[in-house]
Ligand SMILES: Cc1cc2nc3c(=O)[nH]c(=O)nc-3n(C[C@H](O)[C@H](O)[C@H](O)COP(=O)(O)OP(=O)(O)OC[C@H]3O[C@@H](n4cnc5c(N)ncnc54)[C@H](O)[C@@H]3O)c2cc1C
């Protein structure tokens, strides 16, 4: 099959800088040549990731790509978005790996960490020598993280951390977990290293979605931490929420990649598949489906690009990211469902990508703020009335 060429109906490429296109092309090639050929066994075995690719991902600057210094690539936010798009064209699990490492682990250390924490962790995380995870969600508190029960108690110069975090990407392979906990002085963040006494991670099995990604539960029982483990500048729920804004921004782009993969596959299939004496692509209903896909991808591209430019100019409001995440994941999921349908019976096997993207996008719709929660964030922004 010919290489994936991208989707660019409105000549959006002309709006990109050369380095943005180059970043996209190098990740596109990595996904086609290095990642996709390795993917199938990881999809069949729930909860595993091709860890051998981590050094190559680091070499390509994929971890913390929009951060500066500490070995990070220092890309523009648009280039970073295009990188996320290409990773998710491969699989949402691949994009999640990079999103968590960069947006949810490196970003909080970069923004809220001490100089010593930054020196210790950022170069290692950027180089893929260390893996991180982000523990906010709990078994009983997902959308409403403010209700969290995980608690850190101060004991003279030490902290005792206890609680359970659930649905944590890369929990069991992480060298460092960014764990958010309630304290006497608001919600704060702590860096918990693998192997610390009282800290255990167990993987969650039986996922239909995001199978090429490790998802874990973290158990923290009176984990003793030094004051140096606390992120000194993170105070209140707004700190973890600011990390989520970074990751959600990447998701708004990533979803376009998944949608492009489905559209590309559906178009090629419809051109080759013969039904009732002619190409499936020649039927009116097929064309209607393909036109829907292309139109929604194009609208999603424009939305992501505008949000990216505003982010680069420092003019981004988090509600804009909510709109982009909510819309782009929603249309990507609808496109994946249409593509799966168009492929008929072939659409249900893992030789084709549409159904894999479809079930992955069910997770993407739920994590990093569900579709409903982003609707309510935007609703509040418009009306000034909080319905959450
Ligand atoms: C594969 C995977 C990986 C993940 N990785 C991470 C990670 O690395 N770190 C991390 O901290 N978390 C992670 N999560 C957790 C994710 O962020 C949460 O699942 C998400 O925030 C939703 O929380 P919940 O599952 O508890 O659903 P709930 O909050 O219980 O929501 C259930 C339903 O109720 C709706 N709802 C909730 N509140 C309202 C309301 N006020 N009004 C109307 N409807 C409402 C929701 O939209 C949803 O449809 C991951 C999840 C998955 C599936």
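Below, the figures for the structure above:
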| item | result |
| --- | --- |
| Top-ranked residue of region 205-221 - restricted to ones that are assigned to a loop (DSSP other than H, G, I, E, B) and more than 9 Å from the ligand (Cβ to nearest atom), ranked as nearest to residue 151 (Cα to Cα) | 214 |
| Scan of region 106-139 for residues that are in a loop (DSSP other than H, G, I, E, B) and farther than 15 Å from residue 369 by Cα, ordered by number | 113, 114, 127, 128, 129, 130, 131, 139 |
| Residues (within 18 Å of residue 90 (Cβ to Cβ) and in contact (Cβ under 8 Å) with a residue 12 or more places away in the chain) located in region 342-356 | 350, 352, 353, 354, 355, 356 |
| Positions within region 24-50 being within 18 Å of residue 86 (Cβ to Cβ) and assigned to a loop (DSSP other than H, G, I, E, B), in sequence order | 49, 50 |
| Failed item in (1) surrounded by fewer than 21 Cβ atoms within 10 Å (Cβ to Cβ); (2) in contact (Cβ under 8 Å) with a residue 24 or more places away in the chain; (3) more than 17 Å from the chain's Cα centre (by Cα); (4) not in a strand (DSSP E or B), with residue 234 passing the rest | (1) |
| Total residues in region 101-122, condition within 21 Å of the chain's Cα centre (by Cα) and surrounded by fewer than 20 Cβ atoms within 10 Å (Cβ to Cβ) | 1 |
| Residue list for region 292-326, filter: more than 19 Å from residue 374 (Cβ to Cβ), in contact with a helix residue (DSSP H, G or I) (Cβ under 6 Å, 6 or more places away or on another chain) and part of a loop (DSSP other than H, G, I, E, B) | none |
| Filter result (surrounded by fewer than 23 Cβ atoms within 10 Å (Cβ to Cβ) and touching a strand residue (DSSP E or B) at 6+ places or on another chain (Cβ under 9 Å)) within region 207-222 | 207, 217, 219, 221, 222 |
| Hey, residue 377 at pLDDT 95 or above, part of a helix (DSSP H, G or I), within 13 Å of the ligand (Cβ to nearest atom) and under 27 Å from residue 97 (Cβ atoms) or not | yes |
| Where a residue in region 136-152 is crowded, with 20+ Cβ neighbours inside 10 Å and its partner, wherever it lies, is assigned to a loop (DSSP other than H, G, I, E, B) and modelled with pLDDT of 95 or more, with Cβ under 6 Å and at least six apart | 138/148 |
| Residue 78, sole failed condition from (1) at pLDDT 95 or above; (2) surrounded by 19 or more Cβ atoms within 10 Å (Cβ to Cβ); (3) within 13 Å of the ligand (Cβ to nearest atom) | (3) |
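The values are calculated or read from the model by the stated rules, or taken from the named source; none is laboratory data. Treat the numbers as computed from the prediction; the structure is a model and nothing was measured. We place every Cβ from the backbone using ideal geometry, glycine too, and count neighbours over all the protein chains shown.
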